[in-house]
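Down below is the structure, laid out as structure tokens.
The values are calculated or read from the model by the stated rules, or taken from the named source; none is laboratory data. As the structure is a prediction and not an experimental result, all values here were calculated from the model. Neighbour counts run over all protein chains shown; Cβ positions are idealised from the backbone, glycine included. SASA here: full protein model, heavy atoms, side chains in, ligands and nucleic acids out. Shrake-Rupley method; radii C 1.70, N 1.55, O 1.52, S 1.80 Å.
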Amino acid sequence: MIRFGYDRPSDVAEAVRDGNARGVRFLAGGSNLVDLMKENVERPVRVVDINRLPLHAIEAQDGGLRIGALATNSDTAWDARVEAQYPVLASAILAGASPQLRNVATAGGNLNQRTRCLYFYDNTTACNKREPGTGCSAIGGVNRVNAILGTSPACIATHPSDMCVALAVLNATVNVTGPLGDRAIPFGDYHRLPGEDPSRDNMLKPGELVTSIDLPDEDFSGHYTYLKLRDRLSYAFALVSVAVVMRIEDGRIAEARIALGGVAHKPWRSKTAEGLLVGEVPSQSAFLAAAHALLEGAQGQGSNDFKIGLARRAIVRACRQAADGTPQSQIDKRVA
């Protein structure tokens, strides 16, 4: 048994005080942290259980929604306002994990889960994410599930979240609080690429705690999709996933947002690729041009070379689904 301290604060200020120390980890649903502790990847000296904090609500906010950091994935996916105004988010959440995990996993925890790699979880191997400076065993190793975009010589791990891919196209904002006060982080800036220091997955500073996620006053309920390609239909991480939302006016694309999951250290977007679709009539050629732009610079690592072609086809398919108003979630229901 590995010993560690345990605190259960009753308010946010107390949690921030308890969490502002080296080797402390916040505990929400625990679906990621507990696994890491069991595998001896994470060895916190103290665990701060934040489940008593008043961060569970999903509330209207300036025409949009504010999702509390402790709102469960199930509560978020089945919230009537999310289903009506942000169905791509509901679809993405329901494509992830299992019902049992979604019942305990939280919005804040989903953002902060560690990036995935077989070697990160294997303490017998070198891993710069787990032990900076030791090397990256995935490069030249078993890397079928690893990244093709935004990699570095230090790390080719991928971010595992489905929810985050949808939040990326919704231009969400992450609200955090910490020893230096409150701040709001645009979702596209929240997660980091590995660079020379892959041990940091996001932009949180020591002691900072996610309190909520804001969704802007927008409605993409008519043209959206979340397409997830994986080795089995349920309870598996994405090899490639695509979230797409569009506005179509007078038969042409007025706005398009595309994010990829399963291919990088963070949800992957390209404003250049999205801009290529604006003003275009929805078509195979337009979608293929956007796919090529979105995948510019993609590089396989051997076993995951197939992801480049798979991602290209997935982007085209997802764009067609969104443009036609036939999201993958509806197709799945018909199949079921």
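Remarks
- Hz values of 3J(HN,Hα) by residue in segment 229-239 - Karplus curve (6.51, -1.76, 1.60), Gly and Pro given as x: 10, 8, 6, 9, 5, 9, 6, 8, 6, 6, 6
- Where N is the number of residues in segment 53-171, Cα Rg divided by 2.2 N^0.38 Å: 1.26
- Potential lengthening of the chain between residue 233 and residue 123 amounts to 36.7 nm, from the contour at 0.36 nm per residue minus the alpha-carbon distance.
- Under a 5 Å amide H cut-off, with hydrogens placed 1.01 Å from N, residue 239 pairs with 229, 230, 231 among residues at least 5 apart or on other chains.
- Taking all Cα-Cα distances within segment 61-120, those exceeding 19 Å account for 31%.
- The largest accessible area among 307, 271, 266 belongs to the first residue in 271, 266, 307, and the rest follow in falling order (1.4 Å probe, all chains).
- Average accessible surface area per residue within segment 224-324, 1.4 Å rolling probe, Å²: 42 Å²
- Only helices enter this figure: runs of n ≥ 4 DSSP H residues, each worth -39500 (n - 2.57), summed and divided by the residues of the chain, yield -7500 deg cm²/dmol at 222 nm to the nearest 500.
- Probe 1.4 Å, all protein chains present, accessible-area order of 6, 121, largest first: 6, 121
- For residue 26, the amide hydrogen comes within under 5 Å of the amide hydrogens of 48, counting only partners 5 or more places away or on other chains and with H modelled in the peptide plane.
- C-alpha long axis of helix 284-294 to longest principal axis of the chain, angle in °: 30 degrees
- For residue 212, the solvent-accessible surface computed with a 1.4 Å probe is close to 10 Å², ligands and nucleic acids excluded.
- For segment 163-271, carbon and sulfur atoms together expose 49% of the accessible surface, with a 1.4 angstrom probe and every protein chain in place.
- Annotation: amide H-H contacts under 5 Å for residue 58 (H modelled 1.01 Å from N, sequence separation of 5 or more, or interchain): 68.
- Here the Karplus curve 6.51 cos²θ - 1.76 cosθ + 1.60, taken at θ = phi - 60°, turns the phi angles of segment 298-315 into couplings of 4, 9, x, 10, x, 5, 9, 4, 4, 4, 5, x, 4, 5, 4, 5, 5, 4 Hz, with x standing for Gly and Pro.
- Ranking 223, 292, 265 by solvent-accessible area of protein heavy atoms (1.4 Å probe, all protein chains present), from largest to smallest, gives 292, 223, 265.
- Charge dipole (the chain, unit charges on Cβ, about Cα centre) - positive-most of 278, 176, 304: 304
- Links that overshoot a 21 Å alpha carbon limit, given the list 129/228; 129/266; 205/228: 129/228; 205/228
- The charge dipole of the chain, taken about its Cα centre with unit charges on the Cβ of Lys, Arg, Asp and Glu (plus for the first two, minus for the last two), comes to roughly 980 debye.
- Multiplying the residue separation of residue 51 and residue 144 by 0.36 nm and subtracting their alpha-carbon distance yields 29.9 nm.
- In a fully extended conformation the segment linking residue 11 and residue 100 would gain 29.3 nm over its present Cα-Cα distance, using 0.36 nm per residue.
- Three-way shape label, the chain, alpha-carbon gyration tensor, a/c 1.5: oblate
- Computed from phi, the 3J(HN,Hα) profile of segment 118-124 under the Karplus parametrisation 6.51, -1.76, 1.60 (θ = phi - 60°) reads 4, 7, 4, 8, 10, 5, 8 Hz, with x in place of Gly and Pro.
- Accessible surface of segment 5-49 [probe 1.4 Å, protein heavy atoms]: carbon and sulfur percent: 42 percent
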